1. Quick one: pull the percent of accessible area on the range 1-66 belonging to carbon and sulfur, 1.4 Å probe, ligands and nucleic acids left out.
2. Explain nothing, just compute: Karplus ³J(HN,Hα) = 6.51 cos²θ - 1.76 cosθ + 1.60, θ = phi - 60°, for every residue of the range 14-29 in order, whole Hz, x for Gly and Pro.
3. Based on Cα coordinates alone, diagonalise the gyration tensor for the range 113-160, multiply each eigenvalue by 5, take square roots, and list the semi-axes in whole Å, largest first.
Amino acid sequence: MITPELIEAERPYLLRYALAQLRDRQAADEVVQETLLAALESRESFAGKSTPRTWLTSILRFKLIDALRRQSREVAVESFEDTLDDSDIDALFDASGHWRQAIREWSGPEQELVAKQFWEVFERCSQVMPRRTAMAFVMREVIGMEIADICNNLGITATNCSVLLYRARMSLRECLEIRWLGGGAT
């Protein structure tokens, strides 16, 4: 059986995860609080088929989807200025469309530590992206939402969504190359 203490012990991890998605401390706190409350109310349903962290993260993902939907309804359409120029992105590829420089492989025996460090770097990388670009990326790649749902939540077209996702991937790749794979601890 999962105890309230065990649930509460996962708060820091859940908060980091939510903060990486929402980029707003107050909203992240609120979503984590909702997650912990839902977990406490339904802890008898925890069957032990996964770790408590995995179970709590799945609850958090649903709460994040709800929060992102609320945010997209509350936030006015904002004009954002991307610092990426198409020529900057095109320079990353050769004539056949392949990466000019292959991504270095990740390795390490301490998988838990590596995962924690990765999410910290990912959080910092997502904070340098324009807000909508990061939101679209998180909805698609972290939460697993369909393109149509992302478009509906953000009030954008499928073409615009594809552009945002492309720019997010390029920005994330560059940031991870520098901050994660490059060994920098910035």
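1. 55 percent
2. Each residue of the range 14-29 in turn: 4, 5, 4, 4, 5, 5, 5, 7, 9, 6, 8, 4, 5, 5, 5, 4 Hz.
3. Values: eigenvalues 116, 29, 7 Å².
The equivalent ellipsoid of the range 113-160 has semi-axes of 24, 12, 6 Å.
The values are calculated or read from the model by the stated rules, or taken from the named source; none is laboratory data. Just so it is clear, the structure is predicted and the values come from calculations on it, not from any experiment. Note: areas computed on protein heavy atoms with side chains; ligands, DNA, RNA excluded. Shrake-Rupley method; radii C 1.70, N 1.55, O 1.52, S 1.80 Å.
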